[in-house]
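Taking it in order: structure first as structure tokens, then the write-up.
The values are calculated or read from the model by the stated rules, or taken from the named source; none is laboratory data. Because the structure is predicted, anything quoted here is derived from the model rather than measured. Every residue, glycine as well, gets a Cβ built from its backbone with ideal geometry; the counts of neighbours run over all protein chains shown. Note: areas computed on protein heavy atoms with side chains; ligands, DNA, RNA excluded. Shrake-Rupley method; radii C 1.70, N 1.55, O 1.52, S 1.80 Å.
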Amino acid sequence: MNTREGLAPAVRSILGAAEGRGGGDEPLDVTPRSLPAALEAAEADGRAPIIAEVKPTSPTADGERTDDPVELATAMVEGGAAALSVLTEPEHFGGSPETLEAVRTAVDVPVLRKDFLLREAQLDVVGADLVLLIARFVDDLEGLLEAAHQRGFQVLVETHTPAELEAALDAGADIVGVNNRDLANLDVDVGTFERVVDSVPATARENVTLIAESGVESCDDVARMRAAGADGVLVGSAIMDGDVRANTERLTSGSTE
């Protein structure tokens, strides 16, 4: 799809850095923990299916968390997170492949590698249970999706518009995220998930795991995304800002206290 016009300066900077980063020397071979199964298990256990994000900083966040990422991740899992997302983008988010590797070793839930991956070789930097592909920025979504699957990765294909969601489904994606943040101006509208999902016939979304991303701050937001069809909800700042275990417990339990 590779549509990069009208992007916020911060996003253009992130993409420029991603284009300059290399990849691994040889294809990885991973055995992933199932994200759909983890989300279903959380729901069966009475927990909201939350993917908690270990995010030291970001262009849209104030300040930086310098805590041990492994301790943060462990606290999130103890708080009920069904899965984790770990940033590996270094320049703008303070992440690293080493952080992801350490977190994945320490926990037993699926771990998503959150980064801006543009080329096949960039898949081979570090093992993870899932990798993120952003439909808007990938030249050959079907080809890169296939390359990731060949390595054993599950793939979360991120979309923001009905056209991107349809392109992801046409490319063969079976885990699709809808980002409530507009990458043109970085504004957040939690109604984006509802509008994008409603625009695609339910028959086209059968056997697809849907993830709502960005802008979720409260239990009401989680409930709203779930009612709109989200099988899982990815939460970053609302968990990272403060006591991560308590924040995760609050969102997974649905408590408003």
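Kindly establish whether LEU87 is closer than 17 Å to PHE137 by Cβ and of a type outside the set (Lys, Arg). Full working, then the answer.
Numbers: closer than 17 Å to PHE137 by Cβ: yes; of a type outside the set (Lys, Arg): yes.
Criteria met by LEU87.
Which of the strands (runs of 3 or more DSSP E) contained wholly in the range 88-159 include at least 2 residues that are closer than 17 Å to LYS55 by Cα and within 14 Å of the chain's Cα centre (by Cα)? Even if it seems obvious, please write down each step before you answer.
Values: elements: 111-114, 130-134, 154-159.
Fully inside the range 88-159 and qualifying: 111-114, 130-134.
Among the residues of the range 184-203, is any among the aliphatic types (A, V, I, L, M), in contact (Cβ under 8 Å) with a residue 24 or more places away in the chain, part of a loop (DSSP other than H, G, I, E, B) and closer than 21 Å to ALA37 by Cβ? Looking for residues that are among the aliphatic types (A, V, I, L, M), in contact (Cβ under 8 Å) with a residue 24 or more places away in the chain, part of a loop (DSSP other than H, G, I, E, B) and closer than 21 Å to ALA37 by Cβ, one finds none in the range 184-203, hence no.
For the range 223-247, the tally of residues that are of a type outside the set (A, V, I, L, M) and closer than 20 Å to GLY177 by Cα stands at 7. The sole residue among ALA238, ALA204, ALA223 that is at pLDDT 95 or above and among the hydrophobic types (A, V, I, L, M, F, W, C) is ALA223. Going residue by residue through the range 146-160, is there one that turns out to be among the hydroxyl-bearing types (Ser, Thr, Tyr), open to solvent by 20 Å² or more (accessible area, probe 1.4 Å) and over 16 Å from ARG21 (Cα atoms)? Within the range 146-160, not a single residue is among the hydroxyl-bearing types (Ser, Thr, Tyr), open to solvent by 20 Å² or more (accessible area, probe 1.4 Å) and over 16 Å from ARG21 (Cα atoms).
Please work out if ALA212 is out of contact with any His (no Cβ under 9 Å at 6 or more places or on another chain) and either of a type in the set (Asp, Glu) or part of a helix (DSSP H, G or I) (or both). When the stated conditions are applied, ALA212 does not pass them. Can you tell me which residue within the range 131-143, out of those that are in contact with a helix residue (DSSP H, G or I) (Cβ under 7 Å, 6 or more places away or on another chain) and more than 18 Å from PRO97 (Cβ to Cβ), is most open to solvent (accessible area, probe 1.4 Å)? Residue satisfying both the conditions and the ranking: ARG136.
Against the conditions (1) assigned to a loop (DSSP other than H, G, I, E, B); (2) at pLDDT below 95; (3) more than 28 Å from LEU169 (Cα to Cα), GLY80 satisfies every one except (2). Whenever a residue of the range 237-255 is farther than 13 Å from LYS55 by Cβ and of a type in the set (D, E, K, R), its partners that are open to solvent by 60 Å² or more (accessible area, probe 1.4 Å) and modelled with pLDDT of 95 or more, lying with C-beta atoms within less than 9 angstrom and at least six residues away or across chains, give the pairs ARG245/GLU78; GLU249/GLU78. In the range 3-19, the residues that are open to solvent by less than 60 Å² (accessible area, probe 1.4 Å) form Cβ pairs under 7 Å with partners that are modelled with pLDDT under 85 and of a type in the set (Lys, Arg), at six or more places apart or across chains, as follows: LEU15/ARG4.
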